[in-house]
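To start, the structure under review is shown below, and the notes come after it.
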Amino acid sequence: MSAISKKGFIQINIIVKDIEKAAEMWSTLLGVEKPEIRINHLEGGPNYTYRGEPVTCDLKVANIMMDGWVLELHEPAGGDSSFQEFIEKHGNGVHHLGFEVGERRDEVIEELKELGFDTNRTLGIYPGSSWTIVDSEDVLGVNLNIKPVR
């Protein structure tokens with residue numbers, strides 16, 4: 001069984017308490033322009049669930065494009081979410097590694113479920129794609145983000 005291909009690696013997500021400060025420092029360290037910081041409003045319902053329930057939350061987001069992958073910074077900005085749960089439990093830190101799995105998305109999620117992972121942590125659906133946060137912190141030390149396409 002090989003649920004995830006390393007070729008599908010697309011992101012590292014870091015949860016921070018102060019996205020302005022983190023984005024500034026990352027841009028200085030990497031010698032790149034400071035990324036735009038935007039607010040994503042995730043509206044609960046069939047397109048966004050957390051722990052199986054529809055919830056609404058806001059999230060400050062900044063993306064730094066790397067060579068073939070993204071360093072994604074998130075600061076929870078209100079409402080229940082996987083990201084708020086993480087910052088309350090751990091403070092700043094790596095929340096997830098993201099993988100693009102293409103048309104195998106449902107198969108990969110099922111394989112991860114069979115391996116004992118909670119695949120119901122977060123589901124987000126947006127135009128052209130979706131994302132599933134798999135609760136794998138206790139075993140892997142980090143969650144997984146499974147996407148069919150970026």
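Using only alpha carbons, the range 22-86 has a radius of gyration to Kirkwood radius ratio (Rg to Rh) of 1.07. Along its principal axes, the chain has C-alpha extents of 42, 32, 31 angstrom, given from the largest down. When the C-alpha to C-alpha distance is required to be over 19 Å, the pairs from Lys21/Lys89; Lys113/Lys147; Lys7/Lys113; Lys34/Lys60 that qualify are Lys21/Lys89; Lys7/Lys113. The gain in end-to-end length when the Asp118 to Val139 segment is fully stretched comes to 6.4 nm, 0.36 nm per residue minus the alpha carbon separation. Take Met25 and Met65, extend 7 Å from each Cα along the Cα→Cβ direction, and tell me the distance between the two endpoints in nm. Between Met25 and Met65, the label points sit 2.6 nm apart. Using a cutoff of 8 angstrom between alpha carbon atoms and counting only pairs six or more residues apart, the relative contact order for the range 8-147 works out to 27 percent.
If packing is taken as the average number of other Cβ atoms within 10 Å across a peptide's residues, how do 17-30, 124-137 rank, most packed first?
Order by mean packing, descending: 124-137, 17-30.
How many angstrom lie between the Cα centre of the range 51-88 and the Cα centre of the range 108-150? If we compute the Cα centre of each part, the gap is 14 Å.
Values quoted throughout were computed directly from the atomic coordinates according to the rules given, and no laboratory measurement underlies them. Please read all numbers here as calculations on a predicted model, not as lab measurements. Neighbour counts are summed over all protein chains in view; Cβ atoms, including those assigned to glycine, are modelled from backbone coordinates with ideal geometry.
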